[in-house]
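The values are calculated or read from the model by the stated rules, or taken from the named source; none is laboratory data. Only a predicted model underlies this, so the values are computations on that prediction, with no experimental measurement involved. Here Cβ is always computed from backbone atoms with ideal geometry, including for glycine, and neighbour counts include all displayed protein chains. Just the protein is used for accessible areas: all its heavy atoms, side chains included, with ligands, DNA and RNA removed. Shrake-Rupley method; radii C 1.70, N 1.55, O 1.52, S 1.80 Å.
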Amino acid sequence: MDLLLHADDIHASYDHRRILKGVGLSVQRGEILGLIGTNGAGKTTLMGVLAGSHRHDTGMMTLAGEKYVPDSIEEAQACGVGLIPQNFRIDPQLTIARAIFRGTFQADKPHHEVRDQAGKLIRDIGISLDPDMKVGTLIRAEQALVEVLRMVAEEAQLVIMDEVAASLPDHDVAVLHQVLRMLVRQGRAIIYITHRLDEVRSIAHRIAVLREGRVDKILEASHTDVDELAFLLLQQELEDGTRPTDPATGEEALRVVNLSMEDKVREVTFNVSKGEIFGLVGTHRSGVYELVEALAGVHPSTSGHIFLHGQPVQIRGVQDASRLKIGYLSDAAESGEETGSIVDGLQPVPEAGEANLRDEISQLRGVTEVIRRMRISTTNIHGNISTLSGGDKQKIQLAKWIGSDCDVLILSHPSRGIDIGAKETVYKMLSELSQTGVAIILLSSDLSELIGWCHRVGVMRDGELVTIEANANTNEDVLVHHMLGVKFESGGGDARRVRN
Ligand SMILES: Nc1ncnc2c1ncn2[C@@H]1O[C@H](COP(=O)(O)OP(=O)(O)OP(=O)(O)O)[C@@H](O)[C@H]1O
């Protein structure tokens, strides 16, 4: 094996708070090294040190045998180290070609040259993307591929990917993995961060576990399993979740009848009961996002009817939705960019027209309890949200909505970026919330989460709601086949078979 990067005894901190306490790590050319750790373990900080955006305090790094101390992202890039950050954002107005070459010395070349070169890179990597298309028209998985192509254009030898696949559906993740395997076959190395333990096992050659500021263990991916990785992360066994097999039979909270949104959502009808967790899934162009955005008033429906507690309602904008006590946690990349103090961030979303009269002390107690329960890693609850790790920012957003006084709560990818231990807590909190009568609509691309958390799951395909599956009668394969449009032979539950 050919050693590319070696880091020894790396220490790093923020404002004198020690985060990395002696990290040792090496990556070979041709290798994908998985990096896992609970929220706040220091993964992003470590990657910042490697990619030149965070200066370490002490320790030593070498790259291709040479001493390596990048002072900036640009310097790291020039040495061949590139980073695709958590929640990366590309200007939606850029063409794919311009996006691929942004920040490189080729960026100023005439349009046709950049386009031809982008076209060649795209072909070499074996995917189909039109270099002239605007980034804003791409789904998230395609944007991730554009970022990977940017790494190739930068001629990065070490590519660091920080939770790039979070909230991507499995089949998009599979395409991304194929591309990554090709990159390492060309002699590059990849450090791949994810919270999905099955994913890291399938993509990585070795897996490093970061705990308490150090690399606690490095395992061969083929010699470990999800349970062992979970144990190493949490220092305890994962609880066996019980599936919510009984469809909730509470009063109806929401009914949607023949709802359409232009041609993106067509004639969708379903209902959600009080106390029910109703899952929704579909590929990015299935209309599932447009459906929840219509209910949340982000892009109102163009026809159809919505009933709340049996009464017809109009949702023409987000104000209507909030007045009707419909909450919406979106998974847009910029939704995690909140500022303000952690305490303020954890205050429930105020309902329109109603003053919040809870007294301050009980609020602070509540905040401290949420921080403890969700294992948010902070030493100062009055500190700014921007000082939290990515997963902890997501927990703040989620806790804020869970604490709000909504009758219907729509959550898009609520566990995005959250580690497996905290995920269990999130589910418990959602389940407690549903028991108070709140109807929850949960949009997720994580099928195991839908099966583990939801009473029923609706599948959207080509703008239509093609099935609603009761938890007891479904499994991940059934959901995938509905998403992709494969027909089933009739028969009950596990007896169902795919017709080829
Ligand atoms: N800009 C900052 N200022 C102060 N503290 C910070 C800053 N960024 C991160 N931290 C702290 O450093 C610690 C490690 O954060 P980091 O983002 O590296 O964790 P992580 O392992 O990547 O977590 P996640 O899985 O949630 O992304 C956290 O406790 C966080 O609060």
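Against the definition (surrounded by fewer than 18 Cβ atoms within 10 Å (Cβ to Cβ) and not small (Gly, Ala, Ser)), how does Glu469 come out, yes or no?
no
So that you can scan it fast, the table gives a plain yes or no per residue for (1) near the ligand (Cβ under 9 Å from one of its atoms); (2) in contact with a Gly (Cβ under 9 Å, 6 or more places away or on another chain):
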residue: His382; (1), (2): no, no
residue: Leu388; (1), (2): yes, yes
residue: Lys393; (1), (2): yes, yes
residue: Gly403; (1), (2): no, yes
residue: Asp419; (1), (2): yes, yes
residue: Val426; (1), (2): no, no
residue: Ser431; (1), (2): no, no
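Restricting attention to the range 407-428, report how many residues are open to solvent by 20 Å² or more (accessible area, probe 1.4 Å), within 19 Å of Ser330 (Cβ to Cβ) and over 13 Å from the mean Cα position of the chain (by Cα).
Number of matching residues: 1.
For residues in the range 1-40 being open to solvent by less than 10 Å² (accessible area, probe 1.4 Å) and within 10 Å of the ligand (Cβ to nearest atom), which is farthest from the chain's Cα centre (by Cα)?
Ala12
What single numbered condition from (1) more than 30 Å from Lys393 (Cα to Cα); (2) among the basic types (Lys, Arg); (3) open to solvent by less than 80 Å² (accessible area, probe 1.4 Å) fails to hold for Arg102?
Arg102 satisfies every listed condition except (1).
With the checklist (1) part of a loop (DSSP other than H, G, I, E, B); (2) within 22 Å of the chain's Cα centre (by Cα) in hand, flag the one item Leu129 doesn't pass.
Going through (1) part of a loop (DSSP other than H, G, I, E, B); (2) within 22 Å of the chain's Cα centre (by Cα) one by one, Leu129 breaks only (2).
Which of the residues spanning the range 56-78 are of a type outside the set (S, T, N, Q), away from the ligand (no atom under 16 Å from the Cβ) and either surrounded by fewer than 17 Cβ atoms within 10 Å (Cβ to Cβ) or at pLDDT below 95 (or both)?
Correct list: Met60, Ala64, Gly65, Glu66, Lys67, Val69, Asp71, Glu74, Glu75, Ala78.
Which condition number does Pro244 fail, the rest of (1) over 20 Å from Leu447 (Cβ atoms); (2) in contact (Cβ under 8 Å) with a residue 40 or more places away in the chain being met?
Pro244 satisfies all of (1) over 20 Å from Leu447 (Cβ atoms); (2) in contact (Cβ under 8 Å) with a residue 40 or more places away in the chain except (1).
Which of the residues that make up the range 90-114 are of a type in the set (Lys, Arg) and farther than 15 Å from Val152 by Cα?
Lys109
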